[in-house]
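Each reported figure results from applying straightforward, stated rules to the coordinates on display, with no laboratory input. Everything quoted here is computed from the prediction, not taken from an experiment. Every residue, glycine as well, gets a Cβ built from its backbone with ideal geometry; the counts of neighbours run over all protein chains shown.
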Amino acid sequence: MKSERLKSAARVSSLHLGLSVFVAVLSAVLVFLIWFPGEFREMVGGRELFLLVIAVDVVCGPLLTLVLFNPEKSRRELALDMGMVGLMQMAALVYGVWTVWTVRPLYLVAEIDRFKVISAHQVDETSLKNLPDHLQRKLWNGPLTVGLRPLNKEERETVMFESVQGGRDYGERPEYFVTYDSAQALQNMKHAKSFENFLRKYPDQATPLNEIVGKSGTKLVDLRYLPIIARQDWIAVLNPSGHVLGYLKGDGF
C-alpha cells in the first residue's frame, strides 16, 4: 500500500515539476531577455539572485507534493493540501520576481569619465515619473544609456554634500538625466582610454574585444573605453563617436 502511494505521489509530483519548470522558463525569459539583457545580468548580479529563487521554488513545490499527496485522502483534503502547496510556491515566486524587479538595471548613466549602472531601488520613483516619455523605462524596456545635463554651482554643492552623507550621487538623480546625444558622447571621449594597458592586464578579454571590433566594422586603434560602476568591474567599449558598442569584464580604472 505504501508503494502504491509513493507511485501515485511520484506521478503527481512529476507533473508538478514539469509545470514548475515551464513557469520558471517563462520567468527567465522576462528576466534575462528584458530586465537583465546581455552582460547586465552578470554586471548587476541579477542572474545569481534569480537562479537561487527559481531553484528553491522549482524544487520545494514538487517535493512538498511528493510528501503530502496520498490517493486515499478525500478530494477535499487533497484540494486543501495541493492548494496550500501551490499558494506557497506562487507566493515564493512572486516575491522572488519582485525582488529581482527592484534591482533591475534602469539606466547606464554617463558621468563624464565613467558610466554608472543605476538600478530601480537606487532612484526615487517620483523623479522617474517626472521624466519625459523618451527617458522613462517601461515594463518591457531594458536599461537606457543617458547623460547628465550641466549642473550649476549650487546643484553640484548639494550633490557633493548629500552624497558624502550617504545620499544620492549624480547618476542617482533622474531630474538631471538628458538624452545621450552625439555632443555629450564626444565629450565623454575626451576622458576615454585606449586598450593597450587594459589588454595587458586582462589578456583573456582580447577575443571578446575582437568580436566587438568585427561587428562594428571599426579598427581597434579607433576604439576607446570607460569604466563602469556596478556590482562587478566592467568597461564600456566606445566607438569614435563615443557611443557604446559593447561591454568587457575588467577594472577600467
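Within the stretch 49-69, which residues have the backbone N less than 12 Å from the label spot 7 Å out from Arg5 along Cα→beta-carbon, could you tell me? Residues passing the 12 Å test: 67-69.
Computed from phi, the 3J(HN,Hα) profile of the stretch 130-145 under the Karplus parametrisation 6.51, -1.76, 1.60 (θ = phi - 60°) reads 7, 6, x, 4, 6, 9, 7, 9, 9, 4, 9, 9, x, x, 10, 7 Hz, with x in place of Gly and Pro. In the chain, the DSSP beta bridges split such that about 80 percent are antiparallel, to the nearest 5.
Computed over the chain, the range of Cα coordinates on each principal axis works out to 77, 43, 31 Å, biggest value leading. The Cα center of the stretch 69-137 and the Cα center of the stretch 205-253 differ in position by 31 Å.
FRET efficiency for the pair Gln205 and Lys73, taken as 1/(1 + (r/R0)^6) with r the Cβ-Cβ distance and R0 = 35 Å, rounds to 0.05.
Seen against the Cα atoms of the chain and their longest principal axis, helix 75-102 is set at about 10 degrees.
Between Leu15 and Arg231, the FRET efficiency estimated from the beta carbon spacing at R0 = 51 angstrom works out to 0.85. Pairwise inverse Cα distances across the stretch 188-253, averaged and inverted, put the Kirkwood hydrodynamic radius at 11.7 Å. You can think of it this way: the chain between His121 and Cys60 has 19.1 nm of extra reach, that is 0.36 nm per residue less the Cα-Cα gap. The H on the amide N of Glu111, modeled in the peptide plane, is under 5 Å from the matching H of Lys116, each at least 5 residues off or on a different chain. Three semi-axes describe the equivalent ellipsoid of the stretch 104-180; taken as square roots of 5 times the Cα gyration tensor eigenvalues and ordered largest first, they are 20, 13, 12 Å. Among the trypsin sites (Lys or Arg not before Pro) in the stretch 1-104, those placed in a DSSP loop whose Cβ has at most 15 other Cβ atoms within 10 Å are Lys73.
What the Cβ-Cβ distance of Asp181 and Tyr95 gives, at R0 = 45 Å and to the nearest 0.05, is a FRET efficiency of 0.70. Annotation: amide H-H contacts under 5 Å for Val178 (H modelled 1.01 Å from N, sequence separation of 5 or more, or interchain): Gly147, Leu148, Arg149. Expressed as an acute angle from 0 to 90° and rounded to the nearest 10, what is the orientation of the C-alpha long axis of helix 153-164 relative to the principal long axis of the chain? Relative to the chain, helix 153-164 is tipped by roughly 40 degrees. Using the alpha carbons alone, the radius of gyration of the stretch 2-102 stands to its Kirkwood radius in an Rg to Rh ratio of 1.09. Note that the stretch 240-247 has calculated 3J(HN,Hα) couplings of x, 8, x, 8, 6, 9, x, 9 Hz, one per residue in order, obtained from phi through the Karplus relation 6.51 cos²θ - 1.76 cosθ + 1.60 (θ = phi - 60°); glycine and proline are x.
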